[in-house]
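Okay, so here's the structure we're looking at.
The values are calculated or read from the model by the stated rules, or taken from the named source; none is laboratory data. None of the values given here were measured: they were computed from a predicted structure. Cβ sites come from the backbone with ideal geometry, for glycine too, and all protein chains shown count toward neighbours.
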Amino acid sequence: MIEVENLHKSFGEAHVLKGISTSFEKGKTNLIIGQSGSGKTVFLKCLLGLFTPEEGKIAYEGQVYSELSLDEKRDLRQEMGMVFQGSALFDSMTVEGNVMFPLEMFTKQSRSEMQDRVDFVLKRVNLIDAHHKYPSEISGGMQKRVAIARAIVMNPKYLFCDEPNSGLDPKTAILIDNLIQEITKEYNITTVINSHDMNSVMEIGEKIIFLKDGFKEWEGSNKEIFKTDNAAVTNFVYSSELFKKVRQMYLEERN
Ligand SMILES: Nc1ncnc2c1ncn2[C@@H]1O[C@H](COP(=O)(O)OP(=O)(O)OP(=O)(O)O)[C@@H](O)[C@H]1O
Ligand SMILES: [Mg+2]
């Protein structure tokens, strides 16, 4: 569980996050949606402790981040997994090397323990034959799977994903979304995902925060988002012609 209270973040004159309060539950896929530039990545980086907010609080299982000692912050950071926009794999390392990296950096596990864990997570994301391939030798969808495997290799309590399915075809994008949701449930992780993909909203939007110009404009579930009358949300949701037609049909049916 992550609780956020009145979060503000600025860069010089630019006030990017303007008093965001919300909470993200365990075992749920929480989505942050909003137009490009609305503050999604900045918000996620605050949750990761990479940006320090000027005002407000973030609490992880009740522990307020700003009140922790350096050691406690470091321990907490090791309970967080991150899938960056564009996968961000190390090009010069094999798939196996990429996934093993956090274990080598942060644990004192033996070679065989690390190998077992790497084999386990790669199998979990359905990558069986790719251990010795380099990122450039595998498809975009496979690269995302590697990034997810690397993010969960340390058994995180919190998983943050920035546009995990950008650049993928719609079918592969849904597979990746579903994989993240399955893993979230299986290991009871508090997962927060940035997205501007309506397919993700429909598939895995158990809780959705809609950001607009740095404000939390709306929050709710994927069941509620199609019923809201909030103009900013409906504009976002029905920005494609397809969704406009779906909305039209829904309204006609209701009347
Ligand atoms: N390190 C930084 N320094 C200064 N301004 C920043 C920094 N990072 C982000 N911003 C600004 O904060 C605003 C929000 O950016 P952010 O990257 O969070 O948007 P986003 O919602 O993730 O957009 P996208 O969907 O395109 O990824 C933008 O105006 C951006 O220019
Ligand atoms: Mg972003």
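Remark: ARG117 falls outside the filter, which requires a residue to be charged (D, E, K, R), touching a Leu at 6+ places or on another chain (Cβ under 6 Å) and at negative phi.
Does the stretch 86-108 contain any residue that is touching a helix residue (DSSP H, G or I) at 6+ places or on another chain (Cβ under 8 Å) and within 16 Å of ligand 1 (Cβ to nearest atom)? Yes, that holds for at least one residue.
For the stretch 211-238, a tally of residues being among the basic types (Lys, Arg), surrounded by fewer than 16 Cβ atoms within 10 Å (Cβ to Cβ) and within 16 Å of ligand 2 (Cβ to nearest atom) returns 0. Can you name the residue in the stretch 32-68 that is among the β-branched types (Val, Ile, Thr) and surrounded by fewer than 16 Cβ atoms within 10 Å (Cβ to Cβ) and is also nearest to ligand 1 (Cβ to nearest atom) among such residues? Among those residues, the one meeting the criterion is THR52.
Counting only helices (runs of 4 or more DSSP H) that sit wholly inside the stretch 12-123, those with at least 2 residues that are more than 23 Å from SER200 (Cα to Cα) and basic (Lys, Arg) are 70-77. Are any of the residues in the stretch 156-172 within 16 Å of ligand 1 (Cβ to nearest atom) and assigned to a helix (DSSP H, G or I)? No, the conditions are met nowhere in the stretch 156-172.
Given the criteria without any contact (Cβ under 8 Å) to a residue 40 or more places away in the chain, buried (at least 18 other Cβ atoms within 10 Å of the Cβ) and over 19 Å from SER92 (Cβ atoms), does LEU168 qualify? Against the criterion (without any contact (Cβ under 8 Å) to a residue 40 or more places away in the chain, buried (at least 18 other Cβ atoms within 10 Å of the Cβ) and over 19 Å from SER92 (Cβ atoms)), LEU168 qualifies.
Restricting attention to the stretch 185-210, the residues that are more than 16 Å from ligand 2 (Cβ to nearest atom) and free of Cβ contacts under 8 Å to residues at least 40 places away in the same chain total 5.
Identify, please: which residue in the stretch 166-211 is at pLDDT 95 or above and among the basic types (Lys, Arg) and is, among those, farthest from the chain's Cα centre (by Cα)? Step by step, filter the stretch 166-211, then rank; the result is LYS185. Take the residues in the stretch 53-69 that are touching a residue at least 40 places away in the same chain (Cβ under 8 Å) and touching a helix residue (DSSP H, G or I) at 6+ places or on another chain (Cβ under 9 Å); name whichever of them is nearest to ASN178 (Cα to Cα). Here the residue is TYR60. When GLU182, GLU163 are checked against the criterion of being without any contact (Cβ under 8 Å) to a residue 24 or more places away in the chain and closer than 19 Å to LEU31 by Cα, GLU182 stands alone in meeting it. May I ask you to list the residues in the stretch 135-145 that are more than 21 Å from THR41 (Cβ to Cβ) and in a helix (DSSP H, G or I)? Selection gives PRO135, SER136, GLU137, GLY141, MET142, ARG145.
One residue stands out in the stretch 191-205 among those that are among the small types (Gly, Ala, Ser) and within 16 Å of ligand 1 (Cβ to nearest atom): the one that is surrounded by the most Cβ atoms within 10 Å (Cβ to Cβ), namely SER200. The residue that is farthest from ILE183 (Cα to Cα), counting only those in the stretch 1-22 that are β-branched (Val, Ile, Thr) and within 16 Å of ligand 2 (Cβ to nearest atom), is VAL16. The C-beta contact set for the stretch 23-49 (first residue within 9 Å of ligand 2 (Cβ to nearest atom), second residue part of a loop (DSSP other than H, G, I, E, B), distance under 6 angstrom, 6+ apart or interchain) comprises GLY39/GLY214; LYS40/GLY34.
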